[in-house]
1. Quick check on the range 397-414. Is at least one of its residues modelled with pLDDT of 80 or more, open to solvent by 70 Å² or more (accessible area, probe 1.4 Å) and under 24 Å from the mean Cα position of the chain (by Cα)?
2. Look at the range 485-525 and say how many of its residues are in a helix (DSSP H, G or I) and aliphatic (A, V, I, L, M).
3. Restricting to the range 466-480, and then to whatever is under 16 Å from V530 (Cβ atoms) and out of contact with any strand residue (DSSP E or B) (no Cβ under 7 Å at 6 or more places or on another chain), can you tell me which residue is surrounded by the fewest Cβ atoms within 10 Å (Cβ to Cβ)?
4. On the given criteria, is L66 surrounded by 20 or more Cβ atoms within 10 Å (Cβ to Cβ) and out of contact with any helix residue (DSSP H, G or I) (no Cβ under 9 Å at 6 or more places or on another chain)?
5. Of all residues in the range 64-76 being more than 22 Å from the chain's Cα centre (by Cα) and in a strand (DSSP E or B), which is nearest to V50 (Cα to Cα)?
6. Return the pair list, or none, for Cβ contacts closer than 6 Å from residues in the range 237-260 that are over 26 Å from F298 (Cα atoms) to residues that are modelled with pLDDT of 90 or more and hydroxyl-bearing (S, T, Y), at least 6 apart or on different chains.
7. Starting from the range 459-471, keep only residues that are polar (S, T, N, Q), then list their pairs with residues that are at pLDDT below 95 whose Cβ atoms are within a distance under 6 Å, requiring at least 6 positions of separation or different chains.
8. Counting only residues that are at pLDDT below 80, small (G, A, S) and outside any helix (DSSP H, G or I), which one in the range 1-23 is most open to solvent (accessible area, probe 1.4 Å)?
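The values are calculated or read from the model by the stated rules, or taken from the named source; none is laboratory data. This structure is a prediction, so every number in the text was calculated from the model and none was measured. Glycine gets a Cβ as well: all are built from the backbone with ideal geometry, and neighbour counts include every protein chain shown. What goes into the accessible areas is simple: the full protein's heavy atoms, side chains included, and nothing from ligands, DNA or RNA. Shrake-Rupley method; radii C 1.70, N 1.55, O 1.52, S 1.80 Å.
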Amino acid sequence: MYSLSFFEENSYASGNTLSIKDILHNQENLFQEPGEQGLSFGWKSHPVWVKIKIDNTPEIQETLLLQILYPLLDELSVFYINHDQQIINTYITGDRQPFNQRPIFDTHFIFPITNMGDISSIYLRAKSSSSVQIPVEFSTQTDYYQQKSYQSTLNGVLFGLMISMIIYNFFLYCSVGRAAYLYYVLFVASFIVLQLGLRGIGYQFIWPQYPGVNNYAIACSGAFALFFLMLFAKSFLQLNEDRMMQKIINLMIAFSVSIIAATFVFSYSQVIKPLAVTTMAFSIIVIVMGAQRYRQGFSDARYYLLAWIAAVIGSMIYLSKQLGWLPINFLTEHSMIFGSCLEMLLLSLALADRLNTLRKHLKKAYQDLAAQNSNLEHQVSERTGELTRALEELTTANEKLARVSVTDKLTGLRNRYHFDLALEQELNRVKRNLSDMSLLLADIDHFKRINDNWGHTVGDQALQMVSDCLRSVIGRNIDSICRYGGEEFALILPSTNLENAAFVAEKIRKTVEITQFSHNGTPIPLTISVGVASVAYGQQCKLDEIVQAADTALYQAKDKGRNRICKAPRLAVNTHKPAPVIQLSQ
């Protein structure tokens, strides 16, 4: 469908900055085919041009999308050229521009092509203080949304894993008070911010109106991650027991502090290369220290070694891609975060192994003390009590973590993870127990206006108010109220047919409508639209089928003017004698 070629602007003989007209006039003499690394150029201070020659146009009815799957380009200009070598469309974007100037809301750079047959070639001009990479891909809108779904799921899993590690180890730190757990939590938190910057997620959702923040977040969080990594290594490996290694790690910690200070003084381009090199060098050094400690008989170091080897391998692959030594593909693009997630899991095993070692030591101490005279029995009892309390605190921490994992922090309702589990369970119960089940999907009308006009804090208050309204209407213990995502809520109503579910939905809608919501004395109208779907008793229904039915009904309610409910057709009909349906009070 297309062929790629490129040239680096510093190789142009005149040394002047080139425009698209210069490129069109001299294109045959400038461009060359990419090598094995593809369009990965490493750190370059000058612009790089890429020519996409359209060889033939497939018969595709829907709009095509040109994807540049790398979010860290400071400047990116795109020019569509027709068969007469005239410019028919131009896009100017990059991570130095406000995010809302992008043609499509995405972490990567996505450009629509409405009629591929009118285009003979596309030219890209890219420049960045980060590594210059220009992975080009065409896709249909259907393929794009599928890829986006996979990517969002992957990000959710990876970031969810890291956040879980933070919560789990923070509870362990609160329980046992060891500094290694705190350093580990701070390292993972810094790494999350680093990944938000590298993957463009922070720029998309957290600081979209402040382009300069993204580079600063990458450099600063990377420096802090290195600093806490060194502190963790010192504490976990107990390097104070070896004077030479203690001196080395202290020097490395001091150097890490100097890099943190440098991020506040020097530019991103001046800091990022030394930071990358220092991170790799220090990681290798702490691996050597871990191996030495293991040779000295420190058994906890075995998981530590495996963890950091995985992290270093992933980081080296990623940096090699950044430097232009390796091509851009799924493995090189995600190697750092995959290696780091594996590292976090192994470090959790290391911390658990340390706890297990402590238990073994306490058991042996108990046996030794029991063999001594009776005067030591009181001390044995105290030590056993301390261990019991520590284990009880750990159990409590795990229970808290389990509750946190299924609860939405803002509203106090169950979250999407709980919703999926509960809905699957209720669908199985419908099949076994011959009783109807209904699902409501509710969405706050014009919620974006509230955020835009009043701010996200008021938006959060609106979500909490609607959550309170849902609780006030739903009184049965068997019902589940969940925050489905954003301003959308889901209610699972077991043993409830479509008519009763519609009654509940209307009652919820009226409750929200009559509940006054205001900010600083100014009333703010707040209504919801509700989609209702039901599955008949004794029938098999997949989770996505009933969710799709309720979602379709919700959008019908939106299309009909909002502040109303719409019922989806019953998903299945059964000729068996129905089981009793719980009647809801009027």
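1. yes
2. 8
3. If we take residues in the range 466-480 being under 16 Å from V530 (Cβ atoms) and out of contact with any strand residue (DSSP E or B) (no Cβ under 7 Å at 6 or more places or on another chain), then S472 is surrounded by the fewest Cβ atoms within 10 Å (Cβ to Cβ).
4. Judged against the criteria, L66 is a match.
5. L76
6. From residues that are over 26 Å from F298 (Cα atoms), there are no pairs.
7. Q464/T411; S467/T411; S467/L413
8. Looking at residues that are at pLDDT below 80, small (G, A, S) and outside any helix (DSSP H, G or I), I get A13.
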